[in-house]
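The values are calculated or read from the model by the stated rules, or taken from the named source; none is laboratory data. From a predicted model like this one, the values you see are computed outputs, not experimental measurements. Cβ: placed from backbone, ideal geometry, glycine included. Neighbour counts: every protein chain shown.
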Amino acid sequence: MRTITRWLAGHARLLAWLGGLAAAAVLFLCYLRLSRTQPANSDGAANILQAWDMLHGNLLLHGWWLSDVSFYTTELPEYMLVDWARGLSPDVVHVAAALTYTILIVLAALLAKGRASGRAAVVRILIAAGIMLAPQPGAGVTLLLLAPDHVGSVVPVLLVFLLLDRARPRWYVPVLAGALLTWGLVADQLILVTGAVPVVAVCGLRACDGILRRQPLRSRWLDLALIAAAVIAVPAADAVLAGIRALGGFTLNPIPVGLQALVVLRHNLAALPRGISLLYGAGFAAHPRGFAVAVVAWHLAGLALAAWALVTAVRWFRPGADLVDLLLATAVVANLAAAVLVFNVQGPGTPREYVAVLPFGAVLAARILGPRIAASTRLVSVLGAVGAGYALCLAAALTGPAVPAADSELTAWLTAHHLDYGVAAYWQANIVTLASGQRIHVVSWKNRHGVLRVHHWEAERSWYDPSRHDANFAVVLRRLPVQSHLVTAAFGPPARSYRVGDQFIVLVWHRNLLAGLRPG
């Protein structure tokens, strides 16, 4: 027995790493199962098609019009890997989303641990991972465990914070931090708010404090270097994107950003509590009764811890405080401020613009409140009970049925009727193309002032070329008669009309509809 005890003590670190890897593997499988309870849609399908194109040689995505976020250096390489291993399938969305969220929890746990050890380290890890453990079924899963919605964009920022938390102050630290921020900004400009701005603000505060204290500038070299790295990362990312465009690569569709009108600000403020509650699994609107209410109430504990930690961090905000704690608190405040002042977050699914508030808040709660909880046996017992409740919530969510990709009935009908190239609204386009294994290709139109045009959004230019493709059908929604009027005005009366299930009408012509789409 003593020999076994000595062996365990001597290999404690190895066993801890092996245990962590096993826990991560279990979490991945859980999140994969949970992701499959929500249907993959055209957003995720577009990313899969882009990654598939990259995997087959089009690394710069020549001819592609992307959305306002490229995901080029974050999710798309991940999708390429899953495409290579899994093949072209809507399930790639679920595998990649589960992998991304598992990585996010692992990084959050490592950052929460900090330099703590023993019981204090375990408590910190449990707080951070526990708060993120069980996304809210339905809307919460769609937000955190489906198509890229800025979730993966938190990974580069957590890596920067982890670097600053663990690495000794050497010359390469700001270099690596700047490289990570540049890498992230190429994929998602939201990292300007969640990563670059907090680094500049916090390090600027620390540098100014040193100057006011008449400390030599060399004593603040790391802060000054980090400011320079964060500032340089922005034009460096712009230069990378410009270089890709110059080489004929993808084109982004940036959305104009600026201060919102007063009426939008009021609506943003009203929507913010609902969005934060959804992120933390405490959105009551989606869970009106029964066990679901208990699940939501249980998640309020995690939200309360994160809010308590943020208030504490802001109250203690001073240059001498822990650098990572300052960065986390600043990032949360900056992201929420941008959500109110800059973004339009009134519509459904809007918490995607401030999804970073969940992992940042969870880590901040662990780092600020973890030492207090670890020092009390009673509080540790309470934490264990809450953690068990979160695990129960996750287990209950896993009982939901797996569902097929969106519009699978439409895909099956088109396949059975040998219709292989057509046009539709955005949400029926890429997902049908993907779910059919590209045997059917549906391109999306854009309705602009009552005229159907080529949609320069998550699409490839050659898809609309009438000399290369012959589109002879259009899909319209039965609940939106205006779509039927638009396609008839654009293409003339159809030769045939079919009802497909309760949702769709498929109109068929004896002509190439691509010639009737106006330029975008």
ask   = Looking at (1) more than 24 Å from Phe250 (Cβ to Cβ); (2) not in a helix (DSSP H, G or I); (3) not acidic (Asp, Glu), can you tell me which one His150 breaks?
value = (1)
message = Exactly one of these conditions fails for Val123: (1) free of Cβ contacts under 8 Å to residues at least 60 places away in the same chain; (2) buried (at least 24 other Cβ atoms within 10 Å of the Cβ). Give me its number.
response = (1)
request  = Please give the number of the condition Arg206 fails out of (1) of a type outside the set (Phe, Trp, Tyr); (2) part of a helix (DSSP H, G or I); (3) touching a residue at least 40 places away in the same chain (Cβ under 8 Å); (4) within 18 Å of His150 (Cα to Cα).
outcome  = (4)
inquiry  = One residue is enough: does segment 480-496 have a residue meeting the conditions assigned to a strand (DSSP E or B) and not basic (Lys, Arg)?
reply    = no
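Go over the candidates Ser67, Ser35 one by one and state the one that is surrounded by fewer than 19 Cβ atoms within 10 Å (Cβ to Cβ), in the same structural domain as Leu392 (by TED's automatic domain parsing) and closer than 19 Å to Thr142 by Cα. Even if it seems obvious, please write down each step before you answer.
Working: Ser35 fails: surrounded by fewer than 19 Cβ atoms within 10 Å (Cβ to Cβ).
The match here is Ser67.
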query = Does Ala236 count as of a type in the set (Gly, Ala, Ser), surrounded by 12 or more Cβ atoms within 10 Å (Cβ to Cβ) and farther than 28 Å from Leu143 by Cβ?
reply = yes
ask   = What tally of residues in segment 308-322 results from selecting those that are of a type in the set (A, V, I, L, M) and without any contact (Cβ under 8 Å) to a residue 40 or more places away in the chain?
value = 3
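When the residues of segment 416-433 are narrowed to those that are over 30 Å from the mean Cα position of the chain (by Cα) and not aromatic (Phe, Trp, Tyr), which ends up surrounded by the most Cβ atoms within 10 Å (Cβ to Cβ)? Even if it seems obvious, please write down each step before you answer.
Start the filter on segment 416-433 by keeping residues that are over 30 Å from the mean Cα position of the chain (by Cα), which leaves 416-422.
Now drop any that are not not aromatic (Phe, Trp, Tyr), which leaves 416-420, 422.
Working: Ala416: 8, His417: 13, His418: 8, Leu419: 18, Asp420: 18, Gly422: 25.
Once the filter is applied, the top-ranked residue is Gly422.
In this structure, is Thr142 surrounded by fewer than 24 Cβ atoms within 10 Å (Cβ to Cβ) and touching a residue at least 24 places away in the same chain (Cβ under 8 Å)? Break it down into steps so the answer makes sense when it comes.
Details: surrounded by fewer than 24 Cβ atoms within 10 Å (Cβ to Cβ): yes; touching a residue at least 24 places away in the same chain (Cβ under 8 Å): yes.
In short, yes.
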ask   = Given (1) in contact with a Pro (Cβ under 9 Å, 6 or more places away or on another chain); (2) under 15 Å from Arg518 (Cα atoms), where does Val423 come up short, assuming only one miss?
value = (1)
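Kindly indicate which of Ile227, Ile244 is in a helix (DSSP H, G or I), more than 23 Å from Thr74 (Cβ to Cβ) and of a type in the set (Val, Ile, Thr). Explain how you work it out, then say what you get.
Details: Ile244 fails: more than 23 Å from Thr74 (Cβ to Cβ).
That would be Ile227, the only listed residue that is in a helix (DSSP H, G or I), more than 23 Å from Thr74 (Cβ to Cβ) and of a type in the set (Val, Ile, Thr).
Quick check, is Leu205 in the same structural domain as Val173 (by TED's automatic domain parsing), touching a Lys or Arg at 6+ places or on another chain (Cβ under 9 Å) and surrounded by fewer than 22 Cβ atoms within 10 Å (Cβ to Cβ)? Before the answer, list the steps.
Values: in the same structural domain as Val173 (by TED's automatic domain parsing): yes; touching a Lys or Arg at 6+ places or on another chain (Cβ under 9 Å): yes; surrounded by fewer than 22 Cβ atoms within 10 Å (Cβ to Cβ): yes.
Criteria met by Leu205.
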task = Could you tell me whether any residue of segment 296-311 is in contact with an Asp or Glu (Cβ under 7 Å, 6 or more places away or on another chain), assigned by TED's automatic domain parsing to the domain that holds Leu272, buried (at least 18 other Cβ atoms within 10 Å of the Cβ) and closer than 30 Å to Arg166 by Cβ?
result = no
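Would you point out which residue out of Gly114, Gly63, Gly87 is of a type in the set (Gly, Ala, Ser), more than 20 Å from Asn47 (Cβ to Cβ) and touching a Gly at 6+ places or on another chain (Cβ under 9 Å)? Can you show your working first?
Numbers: Gly63 fails: more than 20 Å from Asn47 (Cβ to Cβ); Gly87 fails: more than 20 Å from Asn47 (Cβ to Cβ).
Being of a type in the set (Gly, Ala, Ser), more than 20 Å from Asn47 (Cβ to Cβ) and touching a Gly at 6+ places or on another chain (Cβ under 9 Å) holds for just one of Gly114, Gly63, Gly87, which is Gly114.
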request  = Could you identify the single residue in Ala388, Ala471, Ala406 that is out of contact with any helix residue (DSSP H, G or I) (no Cβ under 6 Å at 6 or more places or on another chain) and of a type outside the set (S, T, N, Q)?
outcome  = Ala388
query = Hey, among Val363, Val345, Val332, Val340, which residue is in a helix (DSSP H, G or I), at pLDDT below 90 and surrounded by 16 or more Cβ atoms within 10 Å (Cβ to Cβ)?
reply = Val340
query = What number of residues within segment 180-202 are surrounded by fewer than 24 Cβ atoms within 10 Å (Cβ to Cβ) and without any contact (Cβ under 8 Å) to a residue 40 or more places away in the chain?
reply = 2
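Could you tell me whether segment 421-432 includes any residue that is over 30 Å from Pro137 (Cβ atoms), polar (S, T, N, Q) and outside any strand (DSSP E or B)?
At the first step, the residues of segment 421-432 found to be over 30 Å from Pro137 (Cβ atoms) are 421-423.
Subset that is polar (S, T, N, Q): none.
Within segment 421-432, none of the residues are over 30 Å from Pro137 (Cβ atoms), polar (S, T, N, Q) and outside any strand (DSSP E or B).
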